[in-house]
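In what follows, a structure is listed as structure tokens, so that the remarks can point back to it.
The values are calculated or read from the model by the stated rules, or taken from the named source; none is laboratory data. Source: prediction; values computed, not measured. Note: areas computed on protein heavy atoms with side chains; ligands, DNA, RNA excluded. Shrake-Rupley method; radii C 1.70, N 1.55, O 1.52, S 1.80 Å.
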Amino acid sequence: MPFSNTTIPSIPNAALIATLNNATFQIIRYCSIFIFLFGTIGNTLNILVLSQSSFRSSPCAQLFLFASAMNLFVIISGLISRILAGWGADLTATNRFFCKLRGFAVNTARPVAIWYVLFAMIDRWLLSSTKTERRQMSSIKNARRAMVISLIFATLYFSHVIYCHEPYQINAPQKCYGATVVCRYVADLSFTCMSILPLIPMLVFGLMTINNVHQSHNRTAPTDISNRATMISTHPSRLRKRDRSLIAMLL
């Protein structure tokens with residue numbers, strides 16, 4: 001009798017758990033497709049627009065361009081395996097080479113895309129500054145240097161994924177995951193830090209850019225025409241519609 005009392009309530013609980021697992025599985029299966037489609041279309045359009053000749057001289061536009069390229073790479077390399085997993089055709093879950101390749105690619109490219117957006121915000125802060133020295137630091141050379149250094153750093157920083165990730169993992173969020181507890185802890189912590197920490201300087205530089213824009217508007221609103229002409233001539237970057245549009249995209 002006590003045995004029947006303990007097993008009878010477990011039947012609806014097991015059914016509820018199975019229902020929730022199936023609902024979660026279906027959501028992941030179909031939401032991944034929508035995210036893949038919209039993400040691919042959006043980043044492709046960004047690449048087509050920002051690769052035009054009118055944006056090639058803008059460091060911010062170049063940073064946005066490569067950030068979109070990185071995001072597109074993450075979507076293709078990361079979501080395709082998730083979509084295939086919904087139909088039991090995920091090669092990363094069974095193939096050691098594809099498991100390590102996907103883990104390394106996603107863990108490296110996603111933080112790099114976030115850093116590129118951070119660099120773009122720093123560039124807008126420099127360009128919107130009233131100080132000539134800071135505006136001169138906004139250049140294509142510095143933007144490319146920052147992109148190369150950050151990409152090399154991320155490649156070295158996440159190199160442990162190549163060693164740690166293995167297929168056929170059971171008690172893990174994914175079948176392709178860290179093989180040991182230490183590997184999982186290091187991978188999760190490093191990925192979280194490199195993806196979350198840049199949000200703080202993003203907020204800081206965004207607020208400072210807003211402050212620079214407000215200062216620029218106050219300085220370029222004199223009462224007479226002669227002062228207006230003087231202020232405009234001392235800060236020609238304010239006249240660029242392209243730069244104002246890029247600042248608006250970041251803010």
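Can you tell me the length gained on complete extension of the stretch I17 to K141, counting 0.36 nm per residue apart and subtracting the Cα distance?
Working: separation 124, 0.36 × 124 = 44.64 nm, distance 5.55 nm.
Going from the current span to full extension adds 39.1 nm.
Determine the distance separating the Cα centre of the stretch 52-108 from the Cα centre of the stretch 143-205; give it in Å without decimals.
Measuring centre to centre over Cα atoms gives 14 Å.
Using only the heavy atoms of the protein chains and a 1.4 Å probe, how would E166, E133 rank by accessible area, largest first?
Numbers: E166 35, E133 125 Å².
In descending accessible area the options line up as E133, E166.
For W87, W115, give me the order by solvent-accessible area with a 1.4 Å probe, most accessible first, ignoring ligands, DNA and RNA. Numbers along the way, then the final one.
Values: W87 135, W115 20 Å².
Result of the area sort, largest leading: W87, W115.
Average projected area of the Cα convex hull of the stretch 1-141, in nm²? Mind dumping the intermediate values first?
Values: hull surface 56.1 nm².
Approximately 14.0 nm², given one-decimal rounding.
Using a 1.4 angstrom probe on the protein heavy atoms only, line up Y116, Y168, Y30, Y157 by accessible area, largest first. Can you show the working numbers first?
Numbers: Y116 10, Y168 150, Y30 105, Y157 80 Å².
Putting Y116, Y168, Y30, Y157 in descending order of accessible area: Y168, Y30, Y157, Y116.
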